[in-house]
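Notes to accompany the following structure.
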Amino acid sequence: MNSLYTLSINDWHPSLDAQQSLAATQALESGQVLVLPQLPFVLAAHEQKFLDTRWSDQKSKNISLRPQANAVGTPFMKGAIGTELELAELRGMIQRYADNACSLVAALFPSYAKQLKVANTSYRPFEVENRVSSYRKDDTRLHADAFPSNPTQGTRLLRVFCNINPYGKPRVWRVGEPFADMAAKYLPQTRAMLPLQAWLMHNLGITKKRRTDYDHRMLQLHDLLKADMDYQRHAPQQQVDFMPGTTWVVYSDQVLHAAMSGQFMLEQTFHLPAEALYQPHTAPIHVLKSMQQSSF
Ligand SMILES: [Fe+2]
């Protein structure tokens, strides 16, 4: 099995012809990981100091930047501590990564331009291996992204990652089988939402948007997969070592992934309606719909 599609791009503002963009779009939508091994995010001299966990407020595992600016025009950053000047520099570094990721995605997937929404950018300074969590939060187990408080209602999660480790340490992932193969095994074990459940969760503030039956099924697939250690060990999978200086792009709601080790990574999230895909039938919402007679 080969889940990787490698591109020799070495510029965050690449010029691709229509055929190259289409091939990249098709590979991404079919569930491959687009790997750009020659696309580093280079830190400026004054930014090198941020390769340290001391900038974290130790409450959240990531330092994140929201795309919306506050009243004085500064993007809102969460999870970091430092002086005003240091925080401005850190914000500048993360914002520059966000800008680069935007221009990269615009070049790779021009057909998404009109409907792609820029979401949060996150800087992850901690070592993956040291994180202790419940099995549901354990991202060293294969899963497709689905979040209890953040229903997507079928909107795609497109993510651009870059390993910025300064010590030569790879970001090690396991990449699993195609989404449809996993869903064929686990979807029959999922249940529909109870009447009023979505309304209640939304009105009590448990979910940020109304949880749809699609979200409910995706969360169950996420949890069933993580709870099944036999699946975790024996399901088809490949280990991928993303070396420092490597950028990679995936639909994280589709690609089964597990982050095994690594430290210092930047990540940009984008949202895209499933209907804006070049091949909408590849979206998890349509894969699940086609497997189930009931409508989501
Ligand atoms: Fe994930």
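Each reported figure results from applying straightforward, stated rules to the coordinates on display, with no laboratory input. Since this is a predicted model, take the numbers as computed values, not measurements. Here the Cβ positions follow ideal geometry from the backbone for every residue, glycine too, while neighbour counts run over all protein chains shown.
Summary table
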quantity: Kirkwood Rh (inverse of mean 1/r, distinct Cα pairs), the range 96-137, angstrom; calculated: 13.1
quantity: Order of 94, 206 - criterion: other Cβ atoms within 10 Å of each residue's Cβ, fewest first; calculated: 206, 94
quantity: Over the chain: helical MRE at 222 nm, DSSP H runs n ≥ 4 each giving -39500 (n - 2.57), nearest 500; calculated: -8500 deg cm²/dmol
quantity: Percent of alpha-carbon pairs separated by more than 24 Å within the range 1-153; calculated: 47
quantity: Two-site FRET efficiency, residue 189 against residue 2, from Cβ-Cβ distance with R₀ of 35 Å, rounded to 0.05; calculated: 0.75
quantity: Amide hydrogen neighbours beyond the local backbone of residue 145, cut-off 5 Å, H modeled; calculated: 253, 254
quantity: All Cα pairs of the range 143-281, percent lying beyond 20 Å; calculated: 54
quantity: Qualifying lysines (Cα of each under 30 Å from Cα of residue 117; at least 8 residues distant if same chain); calculated: 59, 61, 78, 137, 208, 209, 226, 289
quantity: Radius 15 Å from Cβ of residue 31, net charge of other residues (Lys, Arg +1; Asp, Glu -1); calculated: -2
quantity: Calculated from backbone phi, Karplus (6.51, -1.76, 1.60) coupling profile of the range 271-277 in Hz, x at Gly/Pro; calculated: 10, 9, x, 4, 6, 7, 5
quantity: Pair-distance profile P(r), taking every C-alpha pair of the range 73-180, with 5 angstrom steps and integer %; calculated: 2, 8, 14, 17, 21, 20, 12, 5, 1, 0
quantity: Sorted by Cβ neighbour density within 10 Å, fewest at the top, the residues 157, 256, 85; calculated: 85, 157, 256
quantity: Cα convex hull volume per residue for the range 3-68 (Å³); calculated: 177
quantity: Alpha-carbon Rg with Dmax, taken over the range 57-117, Å; calculated: 13.9, 42
quantity: Stokes-Einstein D (µm²/s) once Rh is taken as the Kirkwood radius of the chain over alpha-carbon pairs, at 4 °C in 1.567 mPa s; calculated: 65
quantity: Rotationally averaged projected area of the range 151-205 (alpha carbon convex hull; nm²); calculated: 7.0
quantity: Relative exposure of 102, 162, judged by other C-beta atoms within 10 Å (fewest first); calculated: 102, 162
quantity: Residues whose placed amide H lies under 5 Å from that of residue 156, excluding near-sequence neighbours; calculated: 272, 274
quantity: Amide H contacts of residue 260 (H built 1.01 Å from N, under 5 Å, at least 5 apart or other chain); calculated: 172, 173, 174
quantity: FRET efficiency, 1/(1 + (r/R0)^6) with R0 30 Å, evaluated for residue 126 and residue 38 via beta carbons; calculated: 0.70
